[in-house]
Amino acid sequence: MSSLTAQDESIHQTGEENTWREAFYFDFVDAESGLSGFGYAGVHPNQETGDVMFALWQNDVLLARFIFCDFNIPGNIGEERLGFGPLHFRLKVPFKTWDIYFDDGCCRLDLRFEAINPAYFWASSETALAETKSHHYEQQGRYAGQVRVGGTTYNVNGVGVRDHAWGWGARAGIKCWLWASAQFSPDFAFNVFQVALADGRNIQYGYIYRGDDNLFLARARLEAEYSAKGKAPVAFGAELMGRSGEQLSATARIINAFNTSFQERNKQGYHYFCATEYLCQGQRGYGYSNFHWREDRFRPEVWTVGQEQ
């Protein structure tokens, strides 16, 4: 599989692997209100289980959380993959518009996502994971809507990502990863994702977006800092080079870090979902970053992947 079709926005036929999964994810940051959040829903039909994770913050204060990694879902689950438990995704226009809804009785979130860039299919720039029958694409955009927590209602006008993955769940063998997504304007965004595989290979995905196409990365250097107390990331720097030769440097400050370590099915180790503020080329942007390492010796600190052009 080398390209996406509108059908890929919907569900996929279940594969034979025991850990086969299909998952949908979103994140957003609204700098004006200080709100940020993310949500994930994934099904493992061959295990008849499903997972939902959700967190909502105002700056560094956690307003709402939900984690349940043992939903009892049927092996033949179909379109319900788009919505079970308290989290629901609804496609409106393929690769352009989605609605996301969450309601657990304590927090209600109702957002619309409008894309700013073409969907980025990982296999377009690196086929290593696709060769394991694991497929993944993501897209940046604007989020608008409302969130209610208790008796307080917030309006949301933010930026973020949504993504969709399906296939064999090879995550258990991955040593570590660092994923970062930043949006500075509707015409400037970037994404970088570096992964250390169990077989010793380091692979890279990502792009620089300048208002037209996603310009694939050729090389990236990431340097991360972590809290002296606990293990949460606190900051990182990124030096990116596109295949066309464009280079940029960015610094990132972690606004908040949601810890899901040792809680997720089919994945062992430390895992943090982080609302993030970025500075790059005189502009301030926002997005999320995602840190995972299976053991402390694999924690990503200074990490270069790719080659000079």
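The values are calculated or read from the model by the stated rules, or taken from the named source; none is laboratory data. This one's a predicted model, so the numbers in the text were calculated from it and none came from an experiment. No Cβ is skipped: glycine too gets one built from the backbone with ideal geometry, and neighbour counts run over all protein chains shown.
Here's a check for you: in region 15-27, which residue that is hydrophobic (A, V, I, L, M, F, W, C) and part of a strand (DSSP E or B) is farthest from GLN140 (Cα to Cα)?
Within region 15-27, the match that is farthest from GLN140 (Cα to Cα) is ALA23.
Counting only residues that are of a type in the set (Gly, Ala, Ser) and surrounded by fewer than 15 Cβ atoms within 10 Å (Cβ to Cβ), which one in region 145-167 is farthest from HIS44 (Cα to Cα)? Spell out the reasoning first.
First, pick out the residues of region 145-167 that are of a type in the set (Gly, Ala, Ser): 145, 150-151, 158, 160, 165, 167.
The next check asks that each one be surrounded by fewer than 15 Cβ atoms within 10 Å (Cβ to Cβ); those that pass are 150-151.
Numbers: GLY150: 32, GLY151: 36 Å.
My answer is GLY151.
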Inset, instruction - Consider HIS292 carefully, then state whether it is buried (at least 18 other Cβ atoms within 10 Å of the Cβ), farther than 17 Å from LEU240 by Cβ and in contact with an Asp or Glu (Cβ under 7 Å, 6 or more places away or on another chain). - result: no
Legend entry - For GLN283: the one exception among (1) free of Cβ contacts under 8 Å to residues at least 60 places away in the same chain; (2) exposed (fewer than 15 other Cβ atoms within 10 Å of the Cβ): (1)
Legend entry - Residues of region 179-203 that turn out to be surrounded by 23 or more Cβ atoms within 10 Å (Cβ to Cβ) and either of a type in the set (S, T, N, Q) or part of a loop (DSSP other than H, G, I, E, B) (or both), as a count: 4
Inset, instruction - Restrict the check to region 28-43 and report whether at least one residue is at pLDDT below 95 and not in a strand (DSSP E or B). - result: no
Legend entry - Checking LYS231 against (1) crowded, with 18+ Cβ neighbours inside 10 Å; (2) not in a strand (DSSP E or B); (3) not aromatic (Phe, Trp, Tyr), the condition it does not meet: (1)
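Please count how many residues of region 32-50 are under 26 Å from GLN146 (Cβ atoms) and either among the charged types (D, E, K, R) or more than 18 Å from the chain's Cα centre (by Cα) (or both).
Quick first cut of region 32-50, residues under 26 Å from GLN146 (Cβ atoms) only: 32-42.
When the remaining residues are screened for being either among the charged types (D, E, K, R) or more than 18 Å from the chain's Cα centre (by Cα) (or both), the result is 32-34.
Number of matching residues: 3.
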Legend entry - ALA218 being of a type in the set (Gly, Ala, Ser), within 16 Å of ALA128 (Cα to Cα), modelled with pLDDT under 95 and touching a Gly at 6+ places or on another chain (Cβ under 6 Å): no
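So that you can scan it fast, the table gives a plain yes or no per residue for (1) within 30 Å of LEU35 (Cβ to Cβ); (2) surrounded by 17 or more Cβ atoms within 10 Å (Cβ to Cβ); (3) in contact with a Phe, Trp or Tyr (Cβ under 8 Å, 6 or more places away or on another chain):
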residue	(1), (2), (3)
MET241	no, yes, no
GLN247	no, no, no
THR276	yes, yes, yes
LEU279	yes, no, no
Legend entry - Restricting region 147-192 to residues that are at pLDDT 95 or above and among the β-branched types (Val, Ile, Thr), the residue that is nearest to LEU248 (Cα to Cα): VAL192
